[in-house]
Amino acid sequence: MFKGKTSSGFEYETSENIGNDYRFVKALAKMNSKTDDQFNGMVEVVDLVLGDRESDLMEFVKEEDGTIPTDKVLAIVKEIVEEIGKSKLKN
């Protein structure tokens, strides 16, 4: 299991093999594209990386008015993906 904590304080854990999962790589490609599929890619990355803990992320970023800011979700997801990439390079 790969565990970490983002700079904003969100603690996460994911499979140590996520960086070598084709579905993850494909979702990253969508997320980083400049197409309408970009948002779908982000949703897929969150699902693959966090799985059941996705709701924890939503609670973590939820505003007082109940909204869940996409920019905050995206920033945290990007940070997690970067850490996964760094970890994969070390192995």
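We did not get these values from a lab; they are worked out from the coordinates using the rules stated. What you see is a predicted model; the values in this text were computed from it and never measured. For neighbour counting, all protein chains shown are included, and Cβ atoms are generated from backbone atoms with ideal geometry for every residue, glycine included.
Quick rundown of the values:
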| item | result |
| --- | --- |
| Virtual spin-label span in nm between Ser87 and Val25, 7 Å along Cα→Cβ | 1.8 |
| Lys78 versus Met1: modelled label distance in nm, points set 7 Å from Cα along the beta carbon direction | 2.9 |
| Cα shape, the range 2-90, gyration tensor, a/c 1.5 rule | oblate |
| Axial C-alpha extent at least 27 Å, average Kyte-Doolittle at least -1.0 - helices from the chain (DSSP) | 70-90 |
| Electrostatic dipole magnitude of the chain [Cβ: Lys, Arg +1; Asp, Glu -1; Cα centre; debye, to 20] | 560 |
| For Phe2, Phe24, Phe39, order by how many other beta-carbon atoms lie within 10 Å, fewest first | Phe39, Phe2, Phe24 |
